[in-house]
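The structure appears below as structure tokens.
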Amino acid sequence: EDLAGAIQASQARDAWNGRVSLQVTSATRIGLLHELSGIPNQDSMGVFPTGDGLAAFVCDGVTHALIGSGDLASQTAAACFARSLPRLVGLARLEDRASGMLDAFEEAGRAILSRSLALPLGRLARDP
């Protein structure tokens, strides 16, 4: 009896064609070292629609960056990924998606380096 009810419930779920809405939120907490050192949160994230759902990415900051900053790096990477990753969703071949991911990472790396080099050198200028 329980099995028959579970099968019926499953079939009803599969046959349902109503709309589903999602609300995406995120939360992050800096660690104790960041709190004590006054280092800001360095996490960034993004969400974009796919053909049948949502995809998300997270960019973790580089706490000990010699040039630039971790929050600059994660924010720059997130902005690059928000532009480039949605284009990969429609690609059927795994090789094309993998190549696109590599391109996205390289683009983000170049953008992070460019933005970081445009800033004063900070700790790198004082490090022997």
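The values are calculated or read from the model by the stated rules, or taken from the named source; none is laboratory data. Please read all numbers here as calculations on a predicted model, not as lab measurements. Here the Cβ positions follow ideal geometry from the backbone for every residue, glycine too, while neighbour counts run over all protein chains shown. What goes into the accessible areas is simple: the full protein's heavy atoms, side chains included, and nothing from ligands, DNA or RNA. Shrake-Rupley method; radii C 1.70, N 1.55, O 1.52, S 1.80 Å.
Could you tell me whether any residue of region 18-26 is farther than 25 Å from Ser114 by Cα, of a type outside the set (A, V, I, L, M, F, W, C), out of contact with any Pro (no Cβ under 6 Å at 6 or more places or on another chain) and open to solvent by less than 40 Å² (accessible area, probe 1.4 Å)?
Yes, because at least one residue in region 18-26 is farther than 25 Å from Ser114 by Cα, of a type outside the set (A, V, I, L, M, F, W, C), out of contact with any Pro (no Cβ under 6 Å at 6 or more places or on another chain) and open to solvent by less than 40 Å² (accessible area, probe 1.4 Å).
Of the conditions (1) open to solvent by less than 100 Å² (accessible area, probe 1.4 Å); (2) in contact (Cβ under 8 Å) with a residue 12 or more places away in the chain, Ala4 satisfies every one except a single condition; which number is it?
For Ala4, the exception is condition (2).
Name the pairs: first residue in region 75-95 and at pLDDT below 90, second residue loosely packed, with under 11 Cβ neighbours inside 10 Å, Cβ to Cβ under 9 Å, at least 6 apart or on different chains?
Val89/Gly51; Gly90/Gly51
For region 59-93, which residues satisfy the criterion of being under 12 Å from the mean Cα position of the chain (by Cα), among the β-branched types (Val, Ile, Thr) and surrounded by fewer than 17 Cβ atoms within 10 Å (Cβ to Cβ)?
Matches in region 59-93: none.
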